[in-house]
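First the structure, in the form of C-alpha cells, and then the observations on it.
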C-alpha cells in the first residue's frame, strides 16, 4: 500500500519514512502542502496520507479540507501528525477532514498501530466499493430482465435506455454504451 508523507522538517520526514518502509509500505514524501495536494489529486494517489499541520504553502489542515471536498469514491485516509496538541487544534484537525490525529514527537509503535488501522479501513472501503459496483451491475441486469429490451420491429435497432438513442446491435456491441448487455461468447462460437 502506498503512503504519502508531507512534512517540511527533514528529520521527522525521514524517521516516518524509515519506519513505514521497514513495515513494508511504499512511501512517497514531499516537503510542502502544494506538492501533497498535487499527489493526492492523481488517479494513482496514495491510499493513506500523513500530513504535517504547519508546512510552507498549503498547511495540512487546508490539504485535508481539499481532499474531503474531492469527488472521488475512495478518498485517501488522512493522519495529521503535528506538534499541535491542544484540544482546540485536535478538533480543528478533525473538522477539516482528518481521519486520525497524532502529536509529535511520535511513538513508532503508535504510528504502526494507527497506520494498520488506516490500511484496514482503506481495504474495507475498497472492498465495499467493489461490492456496490457488482450489486449495481446485477440490479441493471435484473431491471433489463424485468422490463425487457425494446427492439424496433422494422429495422431491428435497439433502444438504449441511458441515452434514449436507437442503435444497431453491432453498434451497441462496439460502443458498450448500455450496461444491460453483457458481451460473452457462446460455447458453439468458441469451438
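Every read-out reported here was derived from the displayed coordinates using simple, explicitly stated rules and does not represent laboratory data. The structure presented is a predicted model; accordingly, all values stated were derived computationally and were not measured. Note that each Cβ is placed from the backbone with ideal geometry, even for glycine, and that neighbours are counted across all protein chains shown.
Would you mind ranking 72, 117 so that the residue whose beta carbon has the fewest other beta carbons within 10 Å leads the list? Numbers along the way, then the final one.
Details: 72 11, 117 14.
Going from least to most buried by this count: 72, 117.
Report the far tail of the P(r) of the stretch 1-105, meaning the percent of Cα-Cα pairs longer than 25 Å.
Working: 609 of 5460 pairs.
In whole percent, the share of Cα-Cα pairs in the stretch 1-105 beyond 25 Å is 11.
Provide 152, 189, 64, 19 in ascending order of the number of other Cβ atoms located within 10 Å of each residue's Cβ, fewest first.
Values: 152 11, 189 7, 64 24, 19 17.
Ranked by crowding around the Cβ, least crowded first: 189, 152, 19, 64.
Quick check: the angle from helix 87-96's long axis to the longest principal axis of the chain, C-alpha only, nearest 10 degrees?
20 degrees
So what's the back-of-envelope 222 nm ellipticity for the chain, counting only DSSP H runs of four-plus at -39500 (n - 2.57) apiece and dividing by all residues, rounded to 500?
Mean residue ellipticity at 222 nm (helix-derived): -15500 deg cm²/dmol.
Roughly how tilted is helix 10-22, in degrees to the nearest 10 and between 0 and 90, from the longest Cα axis of the chain?
Between helix and principal axis, roughly 50 degrees.
Please report, for the Cα atoms of the chain, the Rg to one decimal and the Dmax as a whole number; what are they, in angstrom?
Taking only Cα atoms of the chain, I get Rg and Dmax of 23.9, 76 Å.
Label points 7 Å out from Cα along the Cβ direction at residue 189 and residue 22: separation in nm?
The modelled label-to-label distance comes out at 5.7 nm.
Does anyone have the angle between helix 60-69 and the longest principal axis of the chain? Alpha-carbon axes, 0 to 90°, nearest 10?
10 degrees
Run the numbers for residue 85 and residue 65: contour at 0.36 nm per residue of separation, minus the present Cα-Cα distance, in nm. Please report the intermediate quantities before stating the final value.
Working: separation 20, 0.36 × 20 = 7.20 nm, distance 1.94 nm.
This chain segment gains 5.3 nm when fully extended.
For the residues 82, 190, what sequence is obtained by ranking on other C-beta atoms within 10 Å, fewest first?
Listing 82, 190 from fewest to most nearby Cβ atoms yields 190, 82.
Can you give the FRET efficiency to the nearest 0.05 for residue 146 and residue 116, using r as the Cβ-Cβ distance and R₀ = 41 Å? Walk me through the numbers before you get to the answer.
Working: r = 44 Å, r/R0 = 1.08.
E between residue 146 and residue 116, to the nearest 0.05, is 0.40.
In nm, what is the difference between 0.36 nm times the number of residues separating residue 11 and residue 154 and their Cα-Cα distance? Walk me through the numbers on the way to the answer.
Values: separation 143, 0.36 × 143 = 51.48 nm, distance 7.46 nm.
Contour length minus the Cα-Cα distance gives 44.0 nm.
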